[in-house]
1. Within the set of pairs 6+ apart or on separate chains, which have a first residue in segment 60-72 that is surrounded by fewer than 17 Cβ atoms within 10 Å (Cβ to Cβ), a second that is in a helix (DSSP H, G or I) and not charged (D, E, K, R), and C-beta atoms under 9 Å apart?
2. For Ile81, work out the one condition from (1) in contact with an Asp or Glu (Cβ under 6 Å, 6 or more places away or on another chain); (2) modelled with pLDDT under 95; (3) not acidic (Asp, Glu) it doesn't fulfil.
3. Within segment 187-201, which residues are among the small types (Gly, Ala, Ser) and out of contact with any Lys or Arg (no Cβ under 7 Å at 6 or more places or on another chain)?
4. Answer yes if at least one residue in segment 204-217 is in contact with a Lys or Arg (Cβ under 6 Å, 6 or more places away or on another chain), surrounded by fewer than 18 Cβ atoms within 10 Å (Cβ to Cβ) and under 15 Å from Ser153 (Cα atoms), and no otherwise.
5. Give Thr40, Thr52 a once-over and let me know the one that is at pLDDT below 85, surrounded by 10 or more Cβ atoms within 10 Å (Cβ to Cβ), under 25 Å from Val132 (Cα atoms) and out of contact with any helix residue (DSSP H, G or I) (no Cβ under 7 Å at 6 or more places or on another chain).
6. Are there strands (runs of 3 or more DSSP E) fully within segment 32-108 with at least 2 residues that are of a type in the set (A, V, I, L, M, F, W, C)? List them.
7. Residues in segment 165-220 that are part of a loop (DSSP other than H, G, I, E, B), touching a strand residue (DSSP E or B) at 6+ places or on another chain (Cβ under 8 Å) and under 16 Å from Lys104 (Cβ atoms): how many?
8. Determine which single condition Ser219 fails, assuming it passes every other condition in (1) without any contact (Cβ under 8 Å) to a residue 24 or more places away in the chain; (2) closer than 24 Å to Glu63 by Cα.
Amino acid sequence: MYLFLKQAISPFFRLLLSALLVLLACLPAVAAETTYHSITTDQLKNMMDTTTSMAIIDARTPEEYTVAHLHNAINVPEKGIEKAVAQLPVDKNALLVLYCNGIKCGKSKRVAAKLELMGYSNFVIYSEGIPVWEERDLPLVKGPGYGKKIETSKLKPAELAALIKSAKGDYVLVDVRDDMEFAEGHIPSAVNMPTEKLAALSEKLPKEKKIIVYCNTGSRSYLGYKKLVGLAYPHIYQTLFAEWKEAGLPVEK
C-alpha cells in the first residue's frame, strides 16, 4: 500500500512543482508589462492650474531633485523609497502623478510599481518629464546648481567625417538649428531637431547610440547637449558646422 501511494503521489507533486516553476518564471514578465495611464505636459499644467487634488512625485535621484523640480513635488527616489514614503498621502487611493527624465526614463514607472506593492492604487505618469516642462519654460523650483556650466565632449571635423564614412550606423547626427538653416545646408546624414524642441522629440533618439549635436558656432548645440545630459543619454558629443565648412568637407542641401 505504501509503495502504491508513493508511486501515485510522486508524479502528482512533480507535476505541481513544474506548474509552480512555470508560474514563477512568468511573474517577472507580467510585472514588466505593467502599464500606467500617461498624461501630457498640457494636461499636467491644467491639473495644477485647476488645483486638482494630487501628489506630484519626482522619481529622480535626490541630487537631480535638488537642481530643479516641479512646484510641490515630493522626491521619492527608487533607492531609499522606504524613507520617502512618509511624505506621501495616508489615503492609498489618492492620485499620484509621477515624473522623471523624459520619455525614455523608466524611474517613474519603477517607483510606481514599488508603491503599488505598498498598497497605493491610483497612478498617472507624466512621461514627458522635467526636460519638456523646462523646454516649455514652465515654472520650476531651481536650486543653486541650476544653470551650472558643463564641459562638452567635442568631435573634430575629421573625426566626424571618419565616423560618417565608416557607415556603422552607431550614431545619430542632430542639427539643432531651425528648419530653414537646415534646408540651406547641413552635414551629410544629419537629422533636424531644433534645440527648442529637442526634449519633446527625444523619443526618436536611441540611447544605445552616440548622439552628436551641432549648430553653427556652438551656443544652440551646447543647450541641446545639456538637454541630452538631463535626459540621461550616455554618449553625447558636440561639433561645429562652421569648423566643418572651414575644413572643406561636403555640405548637403
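The values are calculated or read from the model by the stated rules, or taken from the named source; none is laboratory data. Computed from a prediction, not measured in an experiment: that's the story for all the values here. Every residue, glycine as well, gets a Cβ built from its backbone with ideal geometry; the counts of neighbours run over all protein chains shown.
1. Final answer for the pair search is His71/Met48; Asn72/Met48.
2. Result: Ile81 passes all but (1).
3. The answer is Ser189, Ala190, Ala200.
4. No, that holds for no residue.
5. Result of the check over Thr40, Thr52: Thr52.
6. Hits in segment 32-108: 55-58, 96-99.
7. 4
8. (2)
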